[in-house]
Structures are given as structure tokens and as C-alpha cells.
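Trainee: Pasting in a structure now, in C-alpha cells, and then I'll have a few things to ask.
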Amino acid sequence: MRREIKKSISGLFVIGMGVQFLLGLCWAFSHFLQMPEFERTTEYIRASENLVIDEYMGILYPLFIAGAKGLEQLLGIPFYCFLYLLQIGAGVSASCFFVYSCRKEKKKVFCLSNLAAAVFLMTVPMVLQCYMAVLPEAFCLSGSLVMLGLCIGVLKRERPMDLQFFLMLGLLWCGMALFQPDYLWLAGLPVLWMLVVCGIRKGIFVRALLISLGALLLILGVRGFTVQPGSYGKIQRSLGATMVSRMVWPNFYTTYFFWPEEIKQVMSQDQALSISLHADQVQNVFGPMVEKAYGKQAANGYYWDMAVGCLQVRTKEILVSVSQDLGDYLCVPWSLLEQLQGSGRSYSGWNYARMQEGSPTLTKWYVYYSLWMFRIGIFLCLGIGVRRLIPALQRKERGRLRPRAWVCLVGCFLLGTVIWYTMSAAGMMDYLHVSVVSMLWYAFLLVGYKQLHDSCEK
């Protein structure tokens, strides 16, 4: 009887994942000839025409867009269709490799079971929207999966930790950082982790360190040569600018009287009220106005004064906001459903509206089905996990309860990503930045299904 129940639940998993795949496939076909109009999409298209990038952009994605536009002129097919095909192909391949690296049973990378798992992960709504938009996050997500897959293979001792491994890590690090500058730090986390492990395990540490430093210098050199700061009229990219956006914007108008007098001289109270209504106005209006008046160095000092002053008078409110954003980013599939129903401050409604263009009813069914399926599936997975945990505790099998090194690495990468975007966003969550978090949450459903399926076979 118990085995029959397990088989029934396993069958429900398969049906649930299959329905998501079909809905995702229908949505992808209905939107293949559409290009969502994100603000950053417009900027990247402009950059592909003049190859002028600012400190918030990478050089590689404009080059890819320029190449796709060349194909558009030759074949008459919209350039974004070529980008979608390339991004989706890279995503499926990267997902297959990641699933292959995590599995105990080693089959071919592109075997049917790995492909099925990869396609399920690719049809997560937040992930598929990322791959079907003209944004660099798609390639960065694929690169993250490949990088984590390589590291997992080494930490599980299934492939050697040699110079070839560090060369591949270095190339991936360069690629992601030149697609999206945030990945200079985010993709640097796994590289640093593996360097520490290399120092403990192997005698190639010095050469591995030199390869990593070479990759870092290449990134900095290319960015130094290609980036033209302020070319799109945005606030400078600095820690002070980040803090004023994170700490001050939610209280931009209410803390006006605590600002330095120099800031009040260039910005009226009415302007502060206008900026407080839109998070991106700090980046697009406030920052450029202050930097034009006082220069970037002096402006950065004022940013710090404003952030510290706001933190002193709004401590509880800021801490609550940061912790809420941290939780929302960390549990995207859970928090997104609440945000779509009007909870909190985020760009989720805007992103969802871009998804709905052309097929609102299909999008609604697709997104809400997937998010509710995730909630049900995660409870089933937790039940399976608790059922396996209790016997291990009773037998005092502590070795089975220790987190594996590769699980710690993935957790560190996810936590670093979540903290980075929590602190760099102006209190407005954007789930497209953390598509890798969404994908790995759904990968947890696959783990639960695998555990249940294996127990049925015994």
C-alpha cells in the first residue's frame, strides 16, 4: 500500500512537470516574434549601434546584438529571434550539464533523462522570460550553471582539479563579467572557493592563482578600454551611490530635511517628492544632477552622508526593508506569487505585464500554475526529506547529515547573489536578476522526485 502511494505521488510529480512544460512551450511559441520592451533592452540596442557602454553594461552583449542584426539584414528575420535561439540553446545545454554534474548515476550529458530535467528547468516562467528577452542575464545564467557544474564535478572528485579546470573557470568568469559587470564579483565567488580548495588539496595552487589573476586583469583591462562612465546619464557606479539608492530612496522625501545643505541647494523639496515616486529616478535624475553640480568625488561623499543620516533616523524601517528584500530574493518562487497579488515593492508587476503582451490569458495560467505547483511540490519534498532524516537521526548517522562541499558552494553562490542584488537594488525587487535562484529552487523539486522514484524501485 505504501509503495502504491509513493508511485501515485511520483506520477503526480511527472504530470505536474509535464503540464508546466506544455504551458511553457505554448508561451514560448506565442512570444517568439515579440520583443519585450525593457528599458535596459533599449540601452543595449543603442550600444550595439555605437558600441558606447557605461559602467552598468558589458561589451559582449552589444556585440551579440550587432551580429544578430547583421543576420537580420541578410535573412529578413527579426534579430531578437536569433538571440532567443542562441540563448535557449545555451540554456538547455548548460542545464543538461548542471543536472549531469549533480547526478550520482553518470550517463551521457545529453541523455533523455537529463534533457527532460533541463527542459523542465528551462520552462520555469521566470527563467524562460529571461531567455526570451534581449537582456544579458540569459547568458550569465547559462554561464553560472556551467561554472557550478564544473566545480561540482571537481568537489565530488569526478574530474581532476588541474590547470585545464582553472582555465575553463577563468574563461567563464571573463565571459560573464563582460556580459554583465555584476558577475565580476558574483562569478568570482566560485573561483575564490576553488582556489581555497586547491590550496588545501593540490600542489598547483600558484599556477591556478596566476590563471585566476590573469582572468581578473583581462576583465579589468577590457572594461577599462571599453567603458565610458556616464555615457547614458546615470549615477556613478560606486559604493556610496549604491548605499544612497538602497538606504535613502524608500525614504527620499521624508528625510529631505536631514540632507546636507549642498544637496538641498541643487534639489528642491518638490523634486525630492517626484523622485520618491520612482526608484529609477535616483539613478537617472538625482545622481546626475548632484554629480553635475559638484563632481563625482564630492557627490560620492554626499551620498555617504545621506545614507548614514537616513540609517540613523530610519534604522528600523531600513532593516525591515532590507530583510524583507533578502527573503524575497532568496525565495523567489514563493514571494513572486505574493507580489503579483499586490504585496510589497517590486518590479514583478512590470515584468509580468511584459510577459502578458500578446497572450494575457495563457501567461496567467502558465505563471500561476507553475507557482502553485511549486508550493505543492516543495511541501511534498519537505515531507520526503523529513521522512529520510528521522531514521538517520535515530541511527545517529551523522556522516549522512553533513552538508556536502558542493552543496555548500552552491549555497554560497546563491547567498552571495541574493545579498548583492538586495543591497544594489533601490528597495525594488527584480526577479530577472536572480533567475539562477528560481531555477535551483525548481531543481530541488527534481531532487524530491528522484528520491521518491528511487524509493519506489527498491
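The values are calculated or read from the model by the stated rules, or taken from the named source; none is laboratory data. Note that this is a predicted model, so its numbers are computed, not measured. In this analysis, Cβ positions are derived from the backbone assuming ideal geometry, glycine residues included, and neighbour counts consider all displayed protein chains.
Trainee: Examine segment 126-146 for a residue that is in the same structural domain as Met194 (by TED's automatic domain parsing) and in contact with an Asp or Glu (Cβ under 6 Å, 6 or more places away or on another chain), and state whether such a residue exists.
Mentor: yes
Trainee: On to the next question. Picking from Tyr61, Tyr84, Tyr100, which residue would you name as being surrounded by 16 or more Cβ atoms within 10 Å (Cβ to Cβ), over 30 Å from Thr242 (Cβ atoms) and at pLDDT 95 or above?
Mentor: Of the residues listed, the single one that is surrounded by 16 or more Cβ atoms within 10 Å (Cβ to Cβ), over 30 Å from Thr242 (Cβ atoms) and at pLDDT 95 or above is Tyr84.
Trainee: Looking only at segment 45-58, how many residues end up being among the hydrophobic types (A, V, I, L, M, F, W, C) and surrounded by fewer than 22 Cβ atoms within 10 Å (Cβ to Cβ)?
Mentor: Of the residues in segment 45-58, 3 are among the hydrophobic types (A, V, I, L, M, F, W, C) and surrounded by fewer than 22 Cβ atoms within 10 Å (Cβ to Cβ).
Trainee: Taking only segment 287-321 into account, find how many residues are charged (D, E, K, R), over 30 Å from Ser231 (Cα atoms) and outside any loop (DSSP other than H, G, I, E, B).
Mentor: 2
Trainee: Right, another one. Tyr302: over 26 Å from Trp420 (Cα atoms) and either assigned by TED's automatic domain parsing to the domain that holds Leu135 or of a type outside the set (Gly, Ala, Ser) (or both), yes or no?
Mentor: In short, no.
Trainee: Checking Ile45 against (1) within 21 Å of Leu172 (Cα to Cα); (2) touching a Pro at 6+ places or on another chain (Cβ under 9 Å); (3) among the aliphatic types (A, V, I, L, M); (4) not in a loop (DSSP other than H, G, I, E, B): exactly one of these is not met. Which one?
Mentor: Here Ile45 clears every test but (1).
Trainee: Might you let me know whether segment 248-255 holds any residue that is among the aromatic types (Phe, Trp, Tyr), surrounded by 16 or more Cβ atoms within 10 Å (Cβ to Cβ) and in a helix (DSSP H, G or I)?
Mentor: yes
Trainee: Among the residues of segment 48-84, write down those that are part of a loop (DSSP other than H, G, I, E, B) and within 21 Å of the chain's Cα centre (by Cα).
Mentor: Asp54, Glu55, Tyr56, Met57, Gly58, Ile59
Trainee: Tell me, please, whether a residue that is in contact with a Gly (Cβ under 8 Å, 6 or more places away or on another chain) and touching a residue at least 40 places away in the same chain (Cβ under 8 Å) can be found in segment 349-357.
Mentor: no
Trainee: Of a type in the set (S, T, N, Q), closer than 20 Å to Phe257 by Cβ, modelled with pLDDT under 90 and part of a helix (DSSP H, G or I): is that true of Gln324 in this structure? Steps first, please.
Mentor: On the way: of a type in the set (S, T, N, Q): yes; closer than 20 Å to Phe257 by Cβ: no; modelled with pLDDT under 90: yes; part of a helix (DSSP H, G or I): yes.
No; evaluated as a whole, the condition is false for this residue.
Trainee: Now for a separate question. Mind checking which helices (runs of 4 or more DSSP H) fall wholly inside segment 154-243 and carry at least 1 residues that are closer than 24 Å to Glu43 by Cα and of a type outside the set (A, V, I, L, M, F, W, C)? Step through it out loud before you land on a result.
Mentor: Details: elements: 163-179, 183-186, 188-201, 205-226, 239-243.
Where helices (runs of 4 or more DSSP H) fall fully within segment 154-243 and carry at least 1 residues being closer than 24 Å to Glu43 by Cα and of a type outside the set (A, V, I, L, M, F, W, C), they are 163-179, 183-186, 205-226, 239-243.
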